[in-house]
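The values are calculated or read from the model by the stated rules, or taken from the named source; none is laboratory data. As the structure is a prediction and not an experimental result, all values here were calculated from the model. Heads up, the Cβs are rebuilt from the backbone with ideal geometry, glycines too, and the neighbour counts pull from every protein chain shown.
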Amino acid sequence: MVERLGTDMAERSHSWGDERLSLLSAVGTALTDREVMRHALDQAVSELGGLAGLVHWSCGPAGSRTLRLVLASGLPLPALTGWEEIREDEAPNAPARAVRDARFVWLPAASDASPGPGETGRTSSGTLPPGTTVAAVPLSGPGGPVGALSVLTGPREPTPEQTGFLEAVGRWAERRLSRSTAIGGCDEHPWWQQRPGGSVVQQSLEAVKAGSWEWGIRGGEMRWDRAGLALLGIPRGYERRIESWINLIHPEDMPRVMAATEKSLRERSCYEAEYRVRRPDGTTGWVQSRAHLELDEGGEPVRMIGKIWDTTESRMARESVGQALRYMSDAFFAVNRDWRITFLNVEAERLIGAAGEVLGRPLWEGPAGMVPELEDRCRRAAADGRPTGFDIRWPTDDRWYHIRLVSVPDGLTAYLTDVTERRTQAARRVAAERIGAEQTARISELSNALADAVTTKDVVRVVAAHVLPPFGASGLLILWLEGGRLNVVGSVGYSRAFISLVDGVPAFGGYRLLNEVLGSRRPCFISSIEEYQRLFPDLAGNPAIARKNAWAVLPLIASGNAIGTCTVSFDEPHDLSADERTLLTALSGMVAQALARARLYDTEHARAQALQRGLLPRALPSLAALTPAVRYLPASSGTDIGGDWYDVIPLSAERVALVIGDVMGHGLAEAATMGRLRTAVHTLANLELPPEEVLAHLNEVVCDLGDDSFATCLYAQYDPVTGLCSLARAGHPPPLIVDPEGGVECLDPTPDPPLGAAEPPFSTVDLRLPDGSLLVLYTDGLVESAARDIDTGIAECTQVLTSDYGRLLTCPPRRSRIGVRGTGGRQAVDHDRLDRLCDLLVGAMLPAQRLTADDTALLIARLHGLASGNIAGWPLPEGPVAAGLARTRVREQLRAWGLEELVATTEVLASELVANVVRHARGPTRLRLIRGRSLICEVSDADAAAPRIRRATELDEGGRGLQVVSALSQRWGTRYTDEGKCVWTEQPIAWAGTPR
């Protein structure tokens, strides 16, 4: 039986040795070299049942090396004093002999000789139990043994299995150290000086003794090594069943441990759990266990192999951290994934509620639910998994907190720091910075606005818009020093009565307040009426007239000269701060510079405007053939005058010429060119030349001015008798024609090239326009700009003309045809309509707020056809009898028209014109009378030679006919026709109520 027991123990020891080697190989790869050797030493001591384990390492040359104790386990260092250094040549020492002989050695622990029976003897390491022996194996490197692994054990000699295990552990340690290149001498950083690894397992193995276990899943067998049994406090004779382990688990931790076990089995994953164990001796401690699964060929788990270590101390450390969190000054709370509160410290209880009342309840049921956007931010932080922070205002104490949200595996944590004072200081700093930024912005805005201000009115408007509102002021008065007097150039918020008091006062003999400001060139700030009356008792009545209660009177200094004053006033008493006074003083300098520049512009612009008006027609003629309306708008930016012009020129036979043009560029040279062209047009029109010839001659004029001179022009002739309108264009925008029904037509937008770049002949367009049509002529300034092309502008003009209001204005008055006495009233009504139509077009196309860089000319003409009853014509025979027949026709027609007072004069005129044809020209001859605003008598023939007035002497029998014609008619002339020529005369008609 004893022999069987021995055999069983040997088999069991062999089984345990294999298991230890298996576990040693499993955990060794995760540890440092020092941790590997310590773990191997622990396993060797456990297997041999020894007292302690030692690792010695050789230093120095071979044969005289010293073995140094570098690692120990099982006994405190004071008990191992004699083992710290051993010479390699010490014969009775087991570690030294194992290194020297390179084999397993088992010797007594005595230093000089083996103790005799019953002797204690002096040991190398102090006092050890009697019979202590040493089992040592060498640790070899590439050149031989470099160290020894020893176990201090009892007097019994190790069994062959124990000896084999110890040798196997030594070989395993050699292989492990050789893979990490740690085998070697006592270098500067040997393996035994390595720090423990950073993982939890490595730190735990360094701090506590770890145990190993194995669970046979199918049979339910549970085995622990000695370290594990000691750790759990299980006696050696325990029942090797899984239930023995389950019974040790604390009931509160049981669900969590079982859930981790089931998850590992289900997912074939590693097992890990930390839980409390209740040891048989009644003590309780925290342990952590990790394990991996072994699967069979079918992938089913058959075994779980793991390790366990004591975490009581680390758990206590964590609990101490919880205590620190509990009483720290900042609020801290934690919630789980269901947003239920799992922890909150004392400061957080003040904000959220007592722990006993809120733990386990949703966070949003308390005050946190009233914080705007807090829930959304918490959910985003949990979803993103990244820490985030922001400021919130807590509703229970109305203070500001910076909250930092950190996502953790089982929920979310929040740290709240009171930042109310910091925010208050930041708010003050921001307010100061904002005031500075606002002042800078005000100066910048005023500077930019003044840079765009062109006229004095613009400067006053800009100052009123950018200076008065920020200071809460209500009044602005700007006085300009000129000719020793202060003249008002702009005011806001003052009555006319007060303006009349200060306008034109002597600069240094009027108001003492203004005198002091101008003389000292320093501003004067008055905060109330009482202060004003105390400073200037002679002006005590002014505040009542001005209706102001506080003033800032600023001198305007430009180029070192005082040019005026700027007064900013307030409706209520107002004491300006030092910053406000400084800012107003700085702004006054900018205003002075802008005002001086604007005054120069106003002067130059006024001169340019006067020159422009002198070059344009002062008034349009009153004609029967049309009712005109015009607008001329100079460019709103710059002082240079433009070259846009227009004209209405009366022709013979009630015909009329309409001209509009644009000299390209701005300046005096362009204005002079415009004057030349306008004079040339008048001359050419009086020659009764057709439109294409007029443009041909104008082209020669422009070409003679130089290669860089160009102009556009539109010349049109309208005949009210036939209703024919002939026009030619040289680079000018097309006219718009509005028929009596309101329809708008635009001619072909492609004109001939502009004057100066064209090659005659020019093309002419003949249009038959019904009575009451509108002819709309304009320059490109109306329809074209940097933000709008000419086609878009023409389309917008068409929309304006076809709008409801536009149609109302373009509609002709009834009975618009010429020939009825008293048409002046209807034409006055029509002229008013056309004036309003001009305003409509200009207002729509050129808003007042838009600065234009080009002049604009607009000419709108209502065309009036001549009624057939006002025209009479007859062919005349050849020979002297034609003169008598002409007199008869004239007498009869004028009596029919009721113009008996013109019969005698007209008979003479017709007789002389016919006689001139009979004597100097050739037929056929024709007589025509036209009754319009004047009486027109025409005689046509086929001869192209124009008659000339001869200066007949007293002895000449002839040559006085044209002298008679010139004396009796208002005007007369000759025009060429397709058949020859026509000589015409005009006589005024005295309508009822008008002087002859």
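Only residues that are surrounded by 14 or more Cβ atoms within 10 Å (Cβ to Cβ) and not in a helix (DSSP H, G or I) were counted across the stretch 486-507, and they come to 13.
Considering each residue of the stretch 564-576 in turn, at least one proves to be over 19 Å from residue 466 (Cα atoms), touching a residue at least 24 places away in the same chain (Cβ under 8 Å) and of a type in the set (Gly, Ala, Ser).
The number of residues in the stretch 89-109 being at pLDDT below 85 and surrounded by fewer than 21 Cβ atoms within 10 Å (Cβ to Cβ) comes to 4. Across the stretch 363-409, the qualifying residues are those that are small (Gly, Ala, Ser) and assigned to a strand (DSSP E or B), and the one among them that is modelled with the lowest pLDDT is 407. Within the stretch 809-835, if we keep just the residues that are among the polar types (S, T, N, Q) and at pLDDT below 55, the residue that is farthest from residue 771 (Cα to Cα) turns out to be 823. Here are 471, 525, 498: which of them is at pLDDT 80 or above and over 24 Å from residue 590 (Cβ atoms)? Result of the check over 471, 525, 498: 498.
Summed over the stretch 428-471, the residues that are surrounded by fewer than 16 Cβ atoms within 10 Å (Cβ to Cβ) and farther than 24 Å from residue 598 by Cβ give a count of 12.
The number of residues in the stretch 929-944 being part of a loop (DSSP other than H, G, I, E, B) and in contact (Cβ under 8 Å) with a residue 60 or more places away in the chain comes to 2.
Residue 260 fulfils the conditions (1) on the phi < 0 side of the Ramachandran plot; (2) small (Gly, Ala, Ser); (3) at pLDDT 85 or above; (4) out of contact with any strand residue (DSSP E or B) (no Cβ under 7 Å at 6 or more places or on another chain) except for a single criterion, (4). Of the residues making up the stretch 675-687, one or more are closer than 20 Å to residue 760 by Cα and part of a loop (DSSP other than H, G, I, E, B). Where residues in the stretch 290-321 are among the small types (Gly, Ala, Ser) and modelled with pLDDT of 85 or more, which of them is nearest to residue 212 (Cα to Cα)? Residue satisfying both the conditions and the ranking: 306. I'd like to check something: does the stretch 701-718 contain any residue that is closer than 30 Å to residue 809 by Cα, in the same structural domain as residue 835 (by TED's automatic domain parsing) and either of a type in the set (A, V, I, L, M) or surrounded by fewer than 19 Cβ atoms within 10 Å (Cβ to Cβ) (or both)? Yes, the conditions are met somewhere in the stretch 701-718. How many of the residues making up the stretch 630-673 are of a type in the set (Asp, Glu) and either modelled with pLDDT under 80 or touching a Cys at 6+ places or on another chain (Cβ under 7 Å) (or both)? Qualifying residue count, the stretch 630-673: 1.
Do we find that residue 689 is closer than 30 Å to residue 983 by Cα, modelled with pLDDT under 95, out of contact with any Leu (no Cβ under 9 Å at 6 or more places or on another chain) and in the same structural domain as residue 755 (by TED's automatic domain parsing) in this structure? Yes: the conditions hold for residue 689. Of the numbered conditions (1) closer than 16 Å to residue 689 by Cβ; (2) not in a strand (DSSP E or B), residue 713 satisfies every one except a single condition; which is it? The number of the failed condition is (2). Residue count for the stretch 900-925 under the criterion of being crowded, with 18+ Cβ neighbours inside 10 Å and more than 13 Å from residue 965 (Cα to Cα): the result is 6.
Among the residues of the stretch 330-347, is there at least one that is in contact with a Ser or Thr (Cβ under 8 Å, 6 or more places away or on another chain), in a loop (DSSP other than H, G, I, E, B) and under 19 Å from residue 423 (Cα atoms)? Yes.
Selection over the stretch 65-90 of residues that are small (Gly, Ala, Ser) and part of a strand (DSSP E or B) gives a count of 2. Per the listing 559, 577, 622, 588, the residue uniquely among the hydroxyl-bearing types (Ser, Thr, Tyr) and on the phi > 0 side of the Ramachandran plot is 559. Please verify whether residue 377 is surrounded by 14 or more Cβ atoms within 10 Å (Cβ to Cβ), of a type in the set (Lys, Arg) and under 40 Å from the mean Cα position of the chain (by Cα), treating the condition exactly as stated. When the stated conditions are applied, residue 377 passes them.
Here's the yes/no breakdown for (1) touching a helix residue (DSSP H, G or I) at 6+ places or on another chain (Cβ under 6 Å); (2) in a strand (DSSP E or B):
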position	(1), (2)
613	no, no
622	no, no
630	no, yes
645	yes, yes
648	no, yes
654	no, no
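Restricting the stretch 533-550 to residues that are farther than 20 Å from residue 488 by Cβ and over 47 Å from the mean Cα position of the chain (by Cα) leaves a set whose member that is surrounded by the most Cβ atoms within 10 Å (Cβ to Cβ) is 533.
Residues in the stretch 344-373 that are without any contact (Cβ under 8 Å) to a residue 24 or more places away in the chain and over 19 Å from residue 401 (Cα atoms): 354, 355, 356, 357, 358, 359, 360, 361, 365. Within the stretch 690-702, the set of residues being farther than 14 Å from residue 670 by Cα and in contact (Cβ under 8 Å) with a residue 40 or more places away in the chain comprises 690, 691, 692, 695, 696, 698, 699. Does residue 742 satisfy being touching a helix residue (DSSP H, G or I) at 6+ places or on another chain (Cβ under 8 Å), surrounded by 19 or more Cβ atoms within 10 Å (Cβ to Cβ) and among the small types (Gly, Ala, Ser)? Judged against the criteria, residue 742 is not a match.
Of everything in the stretch 44-55 that is of a type outside the set (Asp, Glu) and under 16 Å from residue 159 (Cα atoms), the residue that is surrounded by the fewest Cβ atoms within 10 Å (Cβ to Cβ) is 49.
In the stretch 213-242, the residues that are in contact (Cβ under 8 Å) with a residue 24 or more places away in the chain form Cβ pairs under 6 Å with partners that are in a helix (DSSP H, G or I) and small (Gly, Ala, Ser), at six or more places apart or across chains, as follows: 213/228; 226/46.
Quickly run through the stretch 263-287 and pick out the residues that are in a loop (DSSP other than H, G, I, E, B) and either under 18 Å from residue 243 (Cβ atoms) or free of Cβ contacts under 8 Å to residues at least 40 places away in the same chain (or both).
268, 269, 270, 279, 280, 282
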